[in-house]
Amino acid sequence: SVKLPRPWGDRLQAPTTMLCCPPFLYQGSLNDPAEAGRLYEQFFDVPIQKAEASTIRTALESTVNRDQIQAGLLDIDQQRVWLAKQEIQVQPQADIAQIAIHEIYENNTNEQQEVFYGFSLPETAVITGLWLGETEDLSQRYTHVVAPRGAAQQVYTQEVQRRVDPALLEQVGPQQYRLRAFPIPPRQLDPESLSQRIPGRMHLWMTYQVMVTPGGWPLPHRLEQRNIYWTAQTERWHNGTPASQLLDQWFPPYLSATPPPSPQQHQITLTTADETYTISAQPFQEQRIPQDRRLALVLDTSRSMWQQRGSLTETFQWLNTLFVPNNQVDLYLSASADRDPQFLGEISELEQQAITFYGSLTLPEILNQFEMMRAARSYDAILLVTDAGIYDLSSRDPAPEVDSAALGAPLWLVHLGDLPLAYEDAILEAITDSRGGIGTSIQTVMTRLETQMSQGSTILDGYRWQLAEGGSAAVRNGDPFVPLAARYGIRALGYRQTDRNLDDLDRIHAIATRHDIVTPFSSMLVLVNDRQREALAAAEAADDRFEREVETGTESLTQPSSPFTVTGVPEPEEWLLISCALLLGAGILYRRRLSTRPIGEV
């Protein structure tokens, strides 16, 4: 081989690459991966990092490139942090209970890891606490603060990039929550045996309050997990008693309430900075099917809906059998790519249509298509039938705006299959501000919708909830209904103030801070030092403190450098490098020539 300085080799490689290698080289740009991801998502209706996670992870393992610190789409179902122990303690007070969860994580990798949970709880449940700790000592654990959702997200992201301990718990849907904890420390040398390594450990505690259901006390329902996993060796304890193993579940759906408490009526007075409200909840089990209603049914026709065609068939059969004979339903078909959305009118027209599930659509895009087609038609409610795969596509830029006031009717989302991981804030506020809701079956949504419209109040989890101005209902010390009522009060004030300004948001946030709860506007953030607290204070003072960014989990991956990439014309620093290489090469050749001369040669 000819040993030449690297710059010389690069200069010789350029014409060789141009003349000989084009049939074997990719003729594109380093920006093409992002474009490829966009096109993949546009056609297949799923992020490439979620659909092709296994292939991408294999490619990453073949190079020195790594994914980012935060747990993203590539970390879904990855087994990096083991759930060593899980404890559940239920403290009931009549028909309301406080549920405390304690988990211990073990990291057997050589790097810090983030744990990510997406989960759902009943709409009336309220999260009341979050803590992190390095040991089981409760006096040494780090406690939470309640902060505006945008400020909390900003500080958490900054601290993860600094590789410093924070934890963040957010409400990202009427029932959905997002929990992240960082860092679970890497394994380290055992101080008692320097020849062995022991896993890094972290403890997490979370508390919430919930009302009893026919099944018992509801536990968190997992929607997605990243980095965390459990095995048959995971310890599980329920109220101090060893529990059965759940290899495919995070928690069982319920813990039994023995004896089952009877639902009771509750009422308290909620006081804000300048107003007083009476909030009440009374048991209500009546179920009604709509009569003489006019509804708009908007159908998501994106590609992922093909997987729900069985559930979709059952949905339309139920509508035709039990709903259409006594009501009017106008059908709207959304469309992606180069197709046009359609207004079909009566739902019976669907029989003449061959629906093509193609491309990708976000919820804002579907709602904007509906607004363009509805003209002056008014409805008692708007039903959007979709699946669970929307939030991962919400980062499309620019995202269409959603005007909740323009909807003019409650917005109800029917998610076939399961609930989505999260909603972007504009969609979440459109649902709550319009007094709508979400569900996973058309039957449940329809009966709840009609019951609420006929009663003129909100029906949630088997209770009829009401908010009235004024009142003087006494609040007992330790009343478990107080945080539940505060959570509902924030919900009710939200749809009473659809045109919210920053002062309105601050007043709503003040209620969450006073009662120490998580809401769609307020998140819990665990901080461990004064610098983090100063950063949060600065973020809380900013005008964008309630503006939360969409986090789809798509990771920014580094690109392997190409050996065939050369610049057309050397830069000045490259000329300097070439000159140094020439001088160095000349010196080496001269020394070699001297060393090869015969002895005695002059």
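The values are calculated or read from the model by the stated rules, or taken from the named source; none is laboratory data. Just so it is clear, the structure is predicted and the values come from calculations on it, not from any experiment. Methodologically, a virtual Cβ is constructed for each residue, glycine included, from the backbone with ideal geometry; neighbour enumeration extends over all protein chains shown. Surface accessibility is based on the protein's heavy atoms, side chains included, excluding ligands, DNA and RNA. Shrake-Rupley method; radii C 1.70, N 1.55, O 1.52, S 1.80 Å.
Couple of notes before you dig in:
- Restricting attention to segment 143-162, the residues that are open to solvent by 70 Å² or more (accessible area, probe 1.4 Å) and either more than 14 Å from residue 180 (Cβ to Cβ) or in contact with a Lys or Arg (Cβ under 9 Å, 6 or more places away or on another chain) (or both) add up to 3.
- Conditions (1) under 27 Å from residue 281 (Cβ atoms); (2) part of a strand (DSSP E or B); (3) of a type outside the set (Asp, Glu); (4) open to solvent by 20 Å² or more (accessible area, probe 1.4 Å); number of the one not met by residue 194: (1)
- In the set (1) at pLDDT 90 or above; (2) touching a strand residue (DSSP E or B) at 6+ places or on another chain (Cβ under 7 Å); (3) outside any loop (DSSP other than H, G, I, E, B), residue 369 fails one condition alone, (2).
- Residue ID - farthest from the chain's Cα centre (by Cα), chosen from residues in segment 320-334 that are surrounded by fewer than 19 Cβ atoms within 10 Å (Cβ to Cβ) and not polar (S, T, N, Q): 325
- When residues of segment 489-514 are limited to those that are touching a Gly at 6+ places or on another chain (Cβ under 9 Å) and more than 15 Å from residue 405 (Cβ to Cβ), the one surrounded by the fewest Cβ atoms within 10 Å (Cβ to Cβ): 511
- Residue 487 vs. criteria outside any strand (DSSP E or B), within 15 Å of residue 272 (Cα to Cα), among the charged types (D, E, K, R) and touching a strand residue (DSSP E or B) at 6+ places or on another chain (Cβ under 6 Å): yes
- Of the set (1) at pLDDT 55 or above; (2) touching an Asp or Glu at 6+ places or on another chain (Cβ under 8 Å); (3) not polar (S, T, N, Q), all apply to residue 538 but (2).
- Of the criteria (1) farther than 24 Å from residue 200 by Cβ; (2) open to solvent by less than 10 Å² (accessible area, probe 1.4 Å), which one residue 94 fails: (2)
- The lone exception for residue 265 - which of (1) open to solvent by 20 Å² or more (accessible area, probe 1.4 Å); (2) touching a residue at least 60 places away in the same chain (Cβ under 8 Å); (3) under 29 Å from residue 469 (Cβ atoms) it fails: (2)
- Consider segment 278-302 and keep the residues that are charged (D, E, K, R) and modelled with pLDDT of 90 or more. The one that is least open to solvent (accessible area, probe 1.4 Å) is 300.
- If you go through segment 400-423 and pick out every residue that is modelled with pLDDT under 75 and touching a helix residue (DSSP H, G or I) at 6+ places or on another chain (Cβ under 6 Å), you end up with 2.
- Single residue of segment 203-238 satisfying the filter (surrounded by fewer than 20 Cβ atoms within 10 Å (Cβ to Cβ) and β-branched (Val, Ile, Thr)) that is modelled with the highest pLDDT: 207
- First in segment 443-460 and of a type in the set (Ser, Thr, Tyr), second anywhere and at pLDDT below 90 and assigned to a helix (DSSP H, G or I), Cβ under 7 Å, 6 or more apart: 458/452
- Note on segment 145-188: residues that are in a strand (DSSP E or B) and of a type in the set (Phe, Trp, Tyr) amount to 2.
- If the condition is being in contact with a Phe, Trp or Tyr (Cβ under 9 Å, 6 or more places away or on another chain) and under 30 Å from residue 457 (Cβ atoms), then segment 523-549 contributes 523, 546.
- Looking across segment 532-553, the residues that are open to solvent by 60 Å² or more (accessible area, probe 1.4 Å) and among the hydrophobic types (A, V, I, L, M, F, W, C) come down to 538, 541.
- Any hit, segment 473-493, residues being modelled with pLDDT of 90 or more and within 29 Å of residue 314 (Cβ to Cβ): no
- Of everything listed in (1) at pLDDT 90 or above; (2) assigned to a helix (DSSP H, G or I); (3) open to solvent by 30 Å² or more (accessible area, probe 1.4 Å), the single unmet condition for residue 454 is (1).
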